[in-house]
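The values are calculated or read from the model by the stated rules, or taken from the named source; none is laboratory data. The structure presented is a predicted model; accordingly, all values stated were derived computationally and were not measured. Cβ placement follows ideal geometry from the backbone for every residue including glycine, while neighbour counts extend to all protein chains displayed. Surface accessibility is based on the protein's heavy atoms, side chains included, excluding ligands, DNA and RNA. Shrake-Rupley method; radii C 1.70, N 1.55, O 1.52, S 1.80 Å.
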Amino acid sequence: METNCVIAALQASPVIAWPYPHWQLHDVLPAPVAAALVAWRPDARFMGGDSGGQRAGRNGQRLFITPALRAANPALDHLAHLFDAPHTRAVFTTHCAARLENTALRLELCLDTNGFWLEPHTDIGAKRLTLLIALSMGAQAADWGTDIMTPEGTAVARASGAFNSGLLFIPSARSWHGFVPRPLNGVRRTLIVNYVGPEWEARDELAMPTHAC
C-alpha cells in the first residue's frame, strides 16, 4: 500500500500553539503529484500580482481543480483522492480537532506574481480546515511563506516557503494570517487545500462535490 505522505507529514509535525494552533509540515505531497503541479502551465490569465489584498479580487481568474480537470490529469485525480480518503479525513479530525463531517474538498492552485499581497484574514466561516502547500522553486522561494499574524494584524512568524512544505490550521477567530508585501522574483505557486461545509455556495470550485452534504 502506498504511504500517505499527507498523514506522515502531519504526524511528524508537532503543533505550534502560538498565536493559534498550527502545524508546519514537510514533504506533504507525493513526488509525482508535486512534480505535476509544478509542470502545470495554465493560461497566463491565471497569474496575477496586486489584487487589492484579497484573492476574491481575482474571481473569474482563479484556478480550481475540478472533476473535469481531474478526469484529464491522473496526477490531479490522485491528489483529490489523497485528501478525500476517509483515512486522511479521520487523521485530520483526531490530530487537529477538525470538524470535517459533511464537508467537500476544495483545491485551488494559486500563481502569484510581483505586487501580490494579502491583508490579514482568518478563513473563518465555511472553511473547516486550511492547508497551504508551497510549490515554488528557487533560492528566494523559502521566504515566500504565509505570514502568521495576531488579531491586530501584526506578523509574528512566517511559515516556510520551502518546496512541498505546508502550513495547516483550523480556521477560527484567532487564525489571522496574510502575506506581507515583498518582492516576488518569479511565480509564487501555492496549492490551497480546504474542506468546506455544505453552506459553501460556489459548487463549481469543488474537487469532490459529490461528497458534500
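Does Val91 fit the bill of being surrounded by 14 or more Cβ atoms within 10 Å (Cβ to Cβ) and under 25 Å from Asp143 (Cβ atoms)? Walk me through how you get there before you give the answer.
On the way: surrounded by 14 or more Cβ atoms within 10 Å (Cβ to Cβ): yes; under 25 Å from Asp143 (Cβ atoms): no.
When the stated conditions are applied, Val91 does not pass them.
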Assess whether Val196 counts as being within 28 Å of Arg45 (Cβ to Cβ), of a type in the set (Val, Ile, Thr) and crowded, with 19+ Cβ neighbours inside 10 Å. yes
Scan Leu132, Leu82, Leu107 and give me the residue that is modelled with pLDDT of 95 or more and open to solvent by less than 10 Å² (accessible area, probe 1.4 Å). Leu107
If you take the residues of segment 75-122 that are part of a helix (DSSP H, G or I) and of a type in the set (Ser, Thr, Tyr), which of them is farthest from Trp23 (Cα to Cα)? Thr88
